[in-house]
Structure formats: structure tokens, C-alpha cells
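Asks: I'd like to ask some things about the structure below.
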Amino acid sequence: MTRKLFGTDGVRGLAGGLLTAELALGLAQAATRKTGAQRPQVLIVRDTRESGEMLQAAVAAGVSAAGGDALLGGVLPTPAAPLLIGRYGFDLAVVLSASHNPYEDNGIKFFAGDGYKLSDETELQIEQELERAGSVAAGAGAVPDAPPQIGHVRELRGAGEDYLRELHSHFAELDLSGLDVLLDCANGATHHVAPEIFRRLGAKVTVIADQPDGRNINEGCGSTHVEQLGVRVREGGHGVGFAFDGDGDRVLAVDRAGAVVDGDELMALAALHLRERERLNGGGVVVTVMTNYGFHSAMKQAGIEVAITQVGDRYVLEEMRALGWLLGGEQSGHIIDMSFNRTGDGIAGALLTLEALAGRDLTERDAMQKLPQRLVNIRVRERGALQSATEVNEAVSAAGKALEGRGRVLVRPSGTEPLVRVMVEAPTQDETDEVCGRLAALVQRELG
């Protein structure tokens, strides 16, 4: 049996459509039972979407119905969940967020008691339990031998401060006095905690997209619209800018000239810095197939091994655990430093970047030389249609052969949205744009 509900990052879809309160309750109930704890303690956090409160209530009901206690942490970044699990010994955490998706969507993802996201096997077992529950719903009138255990629902006060304390402790030696930083919080989960930790470390902080209204999360802001941050940094004379996504597990940067610095460059900076400090345990970095060729060249020159996975931070993390390495991430801005956290953490990634710069300006970065790259996302009728699109696949193969030894082509479906992503790297920007534009137009014509 294959998974039907869970994608690469939990269950995600239109709130009130695919993602109903009934489904949220059932998922939470099944996941709580899977912990095996006598009275499971389950943390629930969410981002700023208007559907978050509805889903939070449904998840809390599911946890309580399964005999667990639901602890409401409120609006917090996704990476706060595994840190709070470690701090309090919770058996499970539920994060309600659709990350960089528009406000209409929402998602449910789970972290186990060890702080890691649930395995594929456990997610499949949860889906199977939901199917079994549906098949016996008609016989729900049976009287149990003893009253079932019903859990409590209560607020977890001070959860945000606990997350800030973990950040401050890990970066205690980082002095940001004199740094003028602009933060784009995507009207999402970082809107309070990100500015606060930068201020505590001494920075002068200006914040944009920090007024969530339930519907403006990721809207023209955040890491998916980082070009706007570049304009604001340059025009405002700020020293550096950082843009987070809606749930705060990604970060991209902008230097004082307005140039965007993506996850590949941030990881290159981090890898060289951690290696120099003898903190790059295992001596390697895990990245995905999307990572720029320039990153591989820079790591090879530095003597740092690189492992490659399919796209998705869960696959990066799985490989990191298998190899015993502590650093990994994605071009999109997931930076996983397992010396601090067990998932991508945008705020920690920004602070690690500043630690790596050691007072230098971001414009002086020299960790890698990027090959020109272009990525185009095409909305398609059906995410799985690419597999049988013969004309598209033949064109991709031909373009790849033409760039062999000079660049590369990658065309793949998104793991979370009905999109096909077309990525091309070539020696010049003109060739990159031409090949990518031609392939993107073909995908649009055949699959759009």
C-alpha cells in the first residue's frame, strides 16, 4: 500500500477542502495512539493562517480523544517544535502549517518524541488506521468494558520564550552590535521571535511583513518573494536582510547591494566555517539534486565531501542521520544544523550565516562561485502527468545531453503542489535562459 495523504512534508491541501476538521481530528487521534505512551503529551503549534485555529481545535480534540494531553503552544515557527520536545520530553508534536503555500492551504506535520519527523512507515500506519476507523464507523455503538481515557487541553505558556532561550544559548557568543538588519517575516510564524532574538544579540532591527491578518502569509513577501527585500535593503541602506517563509523553517539572505543569496551559498559559508572551527562532524554536507554545480566545485576544492538526495528536507535529514553528518540543506533555504536542531530552522540559519561571516560584510562572501541557473515553476493539471509526457521527457533528455560537462537540466514534479519545476544551469545566463524558457514553454503547452 502506498501513502495517499502524506506528501514529502506531512498532509497538505486546501483548508476545508482536502484538509477538513474531521481529517485533522482523525490524523491526530491515530498519531497520538502510535506514540505508545500511557498518557501522551502532545504539543500543537501553528502559523498565522486563518484556518489554523479551526485545525488546532480539531487536532486537540483528536489528541484528547486518544487519551493524550494537548498542549497549545500558539503561533511558533516549525523548528520550535523539536526543540520544545527536547526541553519538555513531549511524546509528539503537531505543526499546523503549509509553509510557503498561499493562505488558503494548510498542513499537518508530526514530530516524534525523538524530535525527528515521522518516518514513511509510521505515516503509512497512520493512514491505514484511518482507513480501518472509517470501515468500522457504522458499528461505533459498542459499549467499552471501561470508560475510555480522555485527555486534557491546555495552553503551554511561555513556549515562545523557551524557543528564544534555546536560540540565545546556542548563539551566545554572537555579538551583532552595530549590525543594521532588515527582516522579512512573511506575515508568518517568525513575526515575533525573529526580531526579538536579533535585538537580544545587539542588532539594529527593522522588520517588514510582520502584521499577519490570517490571509497575508507569504503574500508578496517572505523567502518566495525575496527580490522585494533586496530593493528595501538597498534603498534603506541596511547592512543585510533575511527573508523567512511562512512557518520559519527556511531563510534566504540579501546583501547590502540587494543581491539575493540563496541556500546553496548560505550552506557553503556554513560548511567552510564549521570545518574551520572543527564542528563539521563527519566532514561532509548533504544537499539535493537542485544544488548549484558551483557548490560542488567549492566543496571539492575545500576537501569537504558532498552527498546528494532527492528534493525535500526530510530526505536530506534521512541521509544526514545515515551518514552521521550534522550539516545539510536545500537551495530553497532549508539549513539543517543538527548541532542545534533536528529540522530546518530559518532563524538559526540566519544567525549561523552571521557567525560564519565573523563581522565581514555579506557582499564579501567568497565561499562558492555559482553557475548561472534559472528555475521556472509551471502549474499543471496533474502532478503525476510528467512521467508519461513523452515529448517533454525527450526534450529534457536532448537538452541534458547538449549541456553535458558544461551544465545540467532537471525537470521534476513538486512534492507538495501541482507544479512541475524546470531548472537549467549553463555556462552563460543567455544559454541558461534560452534552454529553460524553451523547456518551460513545452511543459506549459503539454501539461498546463
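The values are calculated or read from the model by the stated rules, or taken from the named source; none is laboratory data. Owing to the predicted nature of the structure, the values given are computational and were not obtained by experimental measurement. All Cβ positions, glycine included, derive from the backbone under ideal geometry; neighbour counts span all protein chains shown. Remember, those area values only see protein heavy atoms, side chains included, never the ligands or the DNA or RNA. Shrake-Rupley method; radii C 1.70, N 1.55, O 1.52, S 1.80 Å.
Asks: Can you work out the base-10 log of I(q)/I(0) for the stretch 1-80 at q = 0.27 1/Å, using the Debye formula on its C-alpha atoms alone?
Replies: Each listed q corresponds, in turn, to -1.40.
Asks: Within the stretch 241-279, report the trypsin sites (Lys or Arg not before Pro) that DSSP leaves as loop and that have at most 16 other Cβ atoms within 10 Å.
Replies: Arg277, Arg279
Asks: Another question, if that's okay. List the chymotrypsin sites (Phe, Trp or Tyr not before Pro) in the stretch 181-249 that DSSP assigns to loop (not H, G, I, E or B) and whose Cβ has at most 11 other Cβ atoms within 10 Å. Which are they?
Replies: Counting only loop positions with at most 11 other Cβ atoms within 10 Å, none of the chymotrypsin sites (Phe, Trp or Tyr not before Pro) in the stretch 181-249 qualifies.
Asks: Using the Cα atoms of the stretch 213-367 to build a convex hull, what is its mean projected area in square nanometres?
Replies: 9.0 nm²
Asks: Based on the alpha carbons, how large is the Rg to Rh ratio for the chain when Rh follows Kirkwood?
Replies: Result for the chain is an Rg/Rh of 0.98.
Asks: Would you calculate, for the chain, the mean residue ellipticity at 222 nm contributed by helices, counting each DSSP H stretch of 4 or more residues as -39,500 (n - 2.57) and dividing by all residues, to the nearest 500?
Replies: The helix contribution divided over the chain gives -11500 deg cm²/dmol.
Asks: With Kirkwood's inverse mean 1/r over C-alpha pairs for Rh, give me the Rg to Rh ratio of the stretch 47-137, two decimals please.
Replies: Looking at the stretch 47-137, the ratio lands at 0.96.
Asks: Can you give me the relative contact order of the chain as a percent, contacts being Cα pairs under 8 Å and 6 or more apart?
Replies: 12 percent
Asks: Compute the helix-to-body angle for 313-323: its Cα long axis versus the longest principal axis of the chain, expressed 0 to 90° and rounded to tens.
Replies: It is inclined by approximately 80 degrees.
Asks: Whole number in Å², please: accessible area per residue of the chain, 1.4 Å probe, ligands, DNA and RNA not counted.
Replies: Result: 42 Å² of accessible area for each residue.
Asks: Anything over 28 Å Cα to Cα? Flag those among Lys4/Lys370; Lys117/Lys300; Lys4/Lys117, in the order listed.
Replies: Lys4/Lys370; Lys117/Lys300
Asks: Rg/Rh for the stretch 254-324: what does it come to with C-alpha atoms and Rh from Kirkwood?
Replies: 0.98
Asks: Also, quick follow-up: Going out from 0 in 5 Å bins, what whole percent of all Cα-Cα distances in the stretch 93-243 drops into each bin?
Replies: All Cα pairs considered, the percentages come to 2, 7, 11, 13, 15, 14, 12, 8, 6, 5, 3, 2, 1, 0, 0.
Asks: For the stretch 367-448, max minus min Cα coordinate along each principal axis, in Å, sorted largest first?
Replies: Extents along the principal axes, in whole Å: 37, 27, 17.
Asks: Keeping the other protein chains in place, figure out the carbon and sulfur percent of the accessible area of the chain, with a 1.4 Å probe.
Replies: 47 percent
Asks: Also: Work out the FRET efficiency for Arg438 and Thr8 from their Cβ-Cβ distance, taking R0 = 30 Å, and round it to the nearest 0.05.
Replies: Plugging the Cβ-Cβ distance into 1/(1 + (r/R0)^6) gives 0.60.
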